[in-house]
1. Order by neighbour count: 180, 229, fewest other Cβ atoms within 10 Å first, most last.
2. Please order 267, 244 by the number of other Cβ within 10 Å, starting at the fewest.
3. Would you mind telling me the antiparallel percentage of the DSSP bridges in segment 141-272, rounded to 5?
4. When a/c reaches 1.5 or more, the comparison of a/b and b/c decides; with that in mind, is segment 141-272 rounded, prolate or oblate per its Cα gyration tensor?
5. Just to be sure I understand: of the beta bridges DSSP finds with both ends in the chain, what percent are antiparallel, rounded to 5?
6. In deg cm²/dmol, rounded to 500, what helix-only [θ] at 222 nm does the chain give when every DSSP H run of at least 4 residues adds -39500 (n - 2.57) and the total is split over its residues?
7. Using alpha carbon coordinates only, what is the Rg to Rh ratio of the chain, with Rh defined as the Kirkwood radius?
8. Taking neighbour counts of Cβ atoms within 10 Å as a proxy for exposure, in what order, fewest first, do 254, 33 appear?
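Taken together, the values in this text are just the output of simple stated rules run on the coordinates, not laboratory data. Everything quoted here is computed from the prediction, not taken from an experiment. Note: ideal-geometry Cβ built from the backbone for every residue, glycine included; neighbour counts use all protein chains shown.
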């Protein structure tokens with residue numbers, strides 16, 4: 001099975017800014033790139049979905065995807081999960097209990113997902129936007145903790161540092177320390193991997209919040225809220241539907257997170273002006 005990175009030859013061009021400069025492309029150069037492969041998910045030998053993903057933490061991805069897509073109610077419904085290399089890509093063969101298999105069969109959709117695509121294959125409008133229930137109201141976090149997590153994220157993204165081509169999703173404790181990070185070429189996949197990793201580890205620590213290195217689309221809000229996460233912080237902008245959905249389910253949505261600043265779009269009451277994590 002291929003790894004999360006690959007080496008590729010290239011010609012590198014550079015210029016010192018002088019219009020009359022004579023530039024020769026560098027020969028025999030190499031670059032490290034993120035691996036992107038088709039990953040097929042099947043349940044009880046029935047194909048369900050094909051996503052483009054980075055071949056790492058695929059068991060986490062399988063569980064997180066199954067939960068956030070509403071296919072399974074809990075990890076206990078998975079009887080076995082095998083990652084099988086195929087000539088065309090990778091298959092994740094999941095065996096579930098019979099009642100879960102029947103439920104998945106009723107919801108099944110065949111789709112080929114481009115990187116980060118969350119709607120390909122939806123046949124009806126009600127399939128396109130799934131509304132999560134209300135999230136808990138237990139989290140209290142400070143603006144300082146949000147900034148602390150943001151500052152720590154870069155040091156926990158080895159694939160991004162090596163390739164510059166992947167997203168990260170991190171579970172952060174209330175004091176801003178990072179508990180778990182997952183990476184993938186797809187932002188949705190990274191979040192599914194994080195949710196799966198937390199669930200396989202016995203459940204995420206409380207309290208905490210999720211930080212993603214991408215924009216906050218409605219799907220990111222839906223996935224976070226579907227497993228009871230109370231706060232989602234994104235380094236880029238939220239969309240209008242993400243804000244609407246976060247407001248409806250009571251999730252705190254933070255966007256445009258940069259060093260020294262961030263915007264709080266919904267439910268600001270969870271964030272206190274001072275750091276109260278040691279109280």
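1. Listing 180, 229 from fewest to most nearby Cβ atoms yields 180, 229.
2. 244, 267
3. 60
4. Taking the square roots of the gyration eigenvalues as a ≥ b ≥ c, segment 141-272 is rounded.
5. Bridges in the chain are about 70 percent antiparallel.
6. Dividing the helical sum by the residues of the chain leaves -7500 deg cm²/dmol.
7. Details: Rg = 20.3 Å, Rh = 19.9 Å.
Ratio value, two decimals: 1.02.
8. By the 10 Å Cβ count, ascending, the order reads 33, 254.
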